[in-house]
Each structure stands twice: as structure tokens, then as C-alpha cells.
């Protein structure tokens, strides 16, 4: 089982990044919430999910990449819902998993049906299958606010930029003091990098 892959992004496409690791370039499916943070030339060290799919009489490997291990764990729960395949799940995760998990926990069907490829029937199946399991992955989050989701995204972006977790937390704490809890992800990242450059 492949746990993670480290490499440099050489190109991006629709739901896909192309990651060079040594002499090999891998096509890695990437959910939209993560793909938006990635740019060509960036070095990534990402947890991955390896899936083998039958296409005709061929077994085709599919690699899916995530910013955090717990996002992969959420994905594994998500594809356990009947009728939700790997590619459909990648497409549906246009928003951060913690937001989707909060919507599942609170039975927010309007939020869930706004995700790509998720209709009313599928949203009900997702809630019925996963509602009781979400807290095991994401802890107690009965009300995930946009501010906390933006903070989690900013934290992930800083880590992908190579900033150690402890330093990222310090930078974000200072950022929240400057911008307040309602700041969006780009503003947080920009402010955090500005604070870091002052050192």
C-alpha cells in the first residue's frame, strides 16, 4: 500500500495534478478543495489513496491525493456510501471535508445537494450512512463555521508551503489578531506570510 508520495507539480488539469517523483510523472486525482491550493512548481508530500478499477478487461490503478491524512480518512468513509465511486467522490469534494462533515452531521441537505453530482437521493444516503461516523474522524464539530473552515484551509496551505506546523500555528494566531475570525483563506495566508517576512 502506498502511504504518501512526494514530488514536484509539473502540470495541473481538471481534477488532476501531474507530480514528478524521480524519473516518473504520476497523474493524481485531486479533489477541488485541494486542487485550488496547488500551483505548478510546488513540491508536495501528500497522503494518497490507491484504487484499482476495472475498465473492460483491464485493471486500471487510480491514485487520489489529499492535503491531510484525515481528509483521506473522510474520503474512505465517503466512498463507503452505496453508489458513490472514487471518481464521483473526487468530483463531489469541491469543498473542504470538514465543511461537508459538518453538513452531514447536521443533516444540511441544501449544502450537500449543492456539491457536484450529489442529488437529493444521494444526499439522504450519505447522511444515513455517515452521520454517526463523522465525529470519529473530525471530532466534535456540530457547528463548523466558515471562519473555522477558512482557518483549516489556511493552515493546510502554509504546511504545503513548507512551513512547520508549530510555526504555522503561531503565524495564524497572530493573523487572527490582525484580521479577526471572519477573514477568508487567501487573506489569512497573505497576512501570515507578511508576518513571517518581518522576522
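The values are calculated or read from the model by the stated rules, or taken from the named source; none is laboratory data. Treat the numbers as computed from the prediction; the structure is a model and nothing was measured. Cβ placement follows ideal geometry from the backbone for every residue including glycine, while neighbour counts extend to all protein chains displayed.
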Review point. Within the group 92, 88, which residue is modelled with pLDDT of 90 or more, crowded, with 20+ Cβ neighbours inside 10 Å and farther than 22 Å from residue 3 by Cβ?
Key: 92
**Study point:** Failed item in (1) within 18 Å of residue 160 (Cβ to Cβ); (2) surrounded by fewer than 17 Cβ atoms within 10 Å (Cβ to Cβ); (3) in contact with a strand residue (DSSP E or B) (Cβ under 6 Å, 6 or more places away or on another chain), with residue 36 passing the rest
**Key:** (3)
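Is at least one residue of region 28-39 over 17 Å from the mean Cα position of the chain (by Cα) and not assigned by TED's automatic domain parsing to the domain that holds residue 156?
Quick first cut of region 28-39, residues over 17 Å from the mean Cα position of the chain (by Cα) only: none.
No, because not a single residue in region 28-39 is over 17 Å from the mean Cα position of the chain (by Cα) and not assigned by TED's automatic domain parsing to the domain that holds residue 156.
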Check your understanding: Taking the stated definitions as given, is residue 45 in contact (Cβ under 8 Å) with a residue 12 or more places away in the chain and not assigned by TED's automatic domain parsing to the domain that holds residue 186?
Key -> yes
Review point. Where residues in region 14-29 are without any contact (Cβ under 8 Å) to a residue 12 or more places away in the chain and part of a strand (DSSP E or B), which of them is surrounded by the fewest Cβ atoms within 10 Å (Cβ to Cβ)?
Key: 24
**Study point:** Listing of helices (runs of 4 or more DSSP H) fully contained in region 87-139 that carry 2 or more residues being touching a residue at least 40 places away in the same chain (Cβ under 8 Å) and touching a helix residue (DSSP H, G or I) at 6+ places or on another chain (Cβ under 7 Å)
**Key:** 97-105, 120-130, 134-138
**Study point:** Number of positions in region 101-130 that are within 19 Å of the chain's Cα centre (by Cα) and either within 17 Å of residue 76 (Cβ to Cβ) or assigned by TED's automatic domain parsing to the domain that holds residue 31 (or both)
**Key:** 4
